[in-house]
1. Is one or more of the residues making up segment 106-114 part of a helix (DSSP H, G or I), among the charged types (D, E, K, R) and closer than 20 Å to Leu48 by Cα?
2. Tell me, yes or no, whether segment 52-60 has at least one residue that is buried (at least 22 other Cβ atoms within 10 Å of the Cβ), more than 16 Å from Phe113 (Cα to Cα), in contact (Cβ under 8 Å) with a residue 60 or more places away in the chain and in contact with a Lys or Arg (Cβ under 7 Å, 6 or more places away or on another chain).
3. Quick check: anything in segment 84-93 assigned to a helix (DSSP H, G or I) and at pLDDT below 85?
4. Give Glu282, Glu253 a once-over and let me know the one that is part of a helix (DSSP H, G or I), without any contact (Cβ under 8 Å) to a residue 12 or more places away in the chain and within 19 Å of Leu157 (Cα to Cα).
5. Residue under question is Gly184, and the condition is that it be small (Gly, Ala, Ser) and in a helix (DSSP H, G or I); does it hold?
6. Looking only at segment 219-231, decide whether some residue is farther than 22 Å from Val164 by Cα and either buried (at least 17 other Cβ atoms within 10 Å of the Cβ) or touching a Gly at 6+ places or on another chain (Cβ under 8 Å) (or both).
7. Got a sec? Which of Leu193, Leu150 is crowded, with 24+ Cβ neighbours inside 10 Å, at pLDDT 95 or above and either in a loop (DSSP other than H, G, I, E, B) or of a type in the set (A, V, I, L, M, F, W, C) (or both)?
8. Of the residues Leu155, Leu132, only one is assigned to a loop (DSSP other than H, G, I, E, B) and buried (at least 19 other Cβ atoms within 10 Å of the Cβ); which?
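The values are calculated or read from the model by the stated rules, or taken from the named source; none is laboratory data. Being a predicted model, the structure only gives us computed values, none of them experimental. FYI the Cβ positions are ideal-geometry reconstructions off the backbone, even for glycines, and counts take in every protein chain you see.
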Amino acid sequence: MIGSAATFDGQSLIEEFIRTHFVADNPLVTEAVRRMIAAGGKRIRPRLALLCAEAVGAAPTEHLELAAYMELIHVATLIHDDVVDRADMRRGVNATAIDYGNRISVLAGDYLFAWIFRNVTARYAAPIPHILSATLAEICAGEVLQLRALANVDLDLSDYLEIVVKKTASLFAASAECGAIVGGASAAQRDALRTFGRDYGIAFQMKDDLLDMTADAGSLGKPVGNDLREHKVTIPLLFALRGGDSEFRDAVERFFTRGDDEQIRSIIDGVRSRGGLQATREQIQHYAERAQRSLAPLPESTPRRSLIEMAGTLVEEV
């Protein structure tokens with residue numbers, strides 16, 4: 001048995017748990033969910049939960065089940081996101097809706113949520129079920145806010161942050177907080193770790209927004225500029241638009257109205273030349289450092305250092 005989340009790659013253990021425990025009554029739903037899981041991923045949320053448990057003195061492998069539920073919540077949101085966004089690819093493979101259709105995809109995501117919460121409520125006492133149900137509500141609210149913000153060239157930074165906190169950072173915060181709770185954290189430690197998860201999640205999403213404009217399709221697992229293609233005003237574009245360049249603003253509005261993929265590279269070049277990429281890098285560093293500072297109430301330990309390194313990695317190579 002592997003004993004430390006600070007040193008082990010939990011992906012194989014998480015996937016083994018899911019493979020041996022998740023079975024839906026309908027084999028088609030089981031196949032759809034398992035295929036999304038098999039597409040891979042960094043398993044950051046379960047690792048965060050285990051590190052937070054270990055940082056307050058628990059053995060991480062005793063809480064593998066909880067960590068797996070964090071990843072499965074993420075998987076269910078991805079299945080639904082791909083339907084809402086009409087995505088073709090996810091993690092380098094066809095989005096679930098491409099192979100199974102929207103109806104099966106929505107039902108597969110719904111079933112997975114129900115399966116998770118049936119098990120969580122049976123296995124864990126309050127407040128963990130309450131935290132996770134509130135998080136799911138936040139994620140749904142964030143998705144609605146994002147839909148309403150599509151193609152909005154007047155989107156404010158505070159509105160962008162509200163979307164990010166609800167849609168992305170809330171699950172990181174919940175993963176960290178639930179890990180802290182099962183690990184026996186004090187109130188101060190629990191608050192510190194939840195804050196770490198939230199600020200880490202904000203920086204994580206900002207980096208994802210940045211990579212959408214700077215990485216290659218192979219490493220992204222989806223086409224470059226996909227956020228633009230879906231008319232999302234992410235933070236690099238938001239900062240570029242804030243510069244007051246009316247020519248660039250008009251070009252973005254035209255793209256959102258009737259643009260095609262050939263214009264995406266031009267928009268990305270415009271974001272770069274107007275400082276949007278660099279401003280995003282500075283924001284990533286800001287929130288990553290905030291996350292690191294939030295760990296002050298925790299004693300010095302290997303898992304605490306691993307959390308600090310996790311946040312630091314977001315700043316590297318951006």
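1. No: segment 106-114 contains no residue that is part of a helix (DSSP H, G or I), among the charged types (D, E, K, R) and closer than 20 Å to Leu48 by Cα.
2. yes
3. Yes, there is a match, as at least one residue in segment 84-93 is assigned to a helix (DSSP H, G or I) and at pLDDT below 85.
4. Glu282
5. no
6. Looking through segment 219-231, none of the residues is farther than 22 Å from Val164 by Cα and either buried (at least 17 other Cβ atoms within 10 Å of the Cβ) or touching a Gly at 6+ places or on another chain (Cβ under 8 Å) (or both).
7. Leu193
8. Working: Leu132 fails: assigned to a loop (DSSP other than H, G, I, E, B).
The unique qualifying residue is Leu155.
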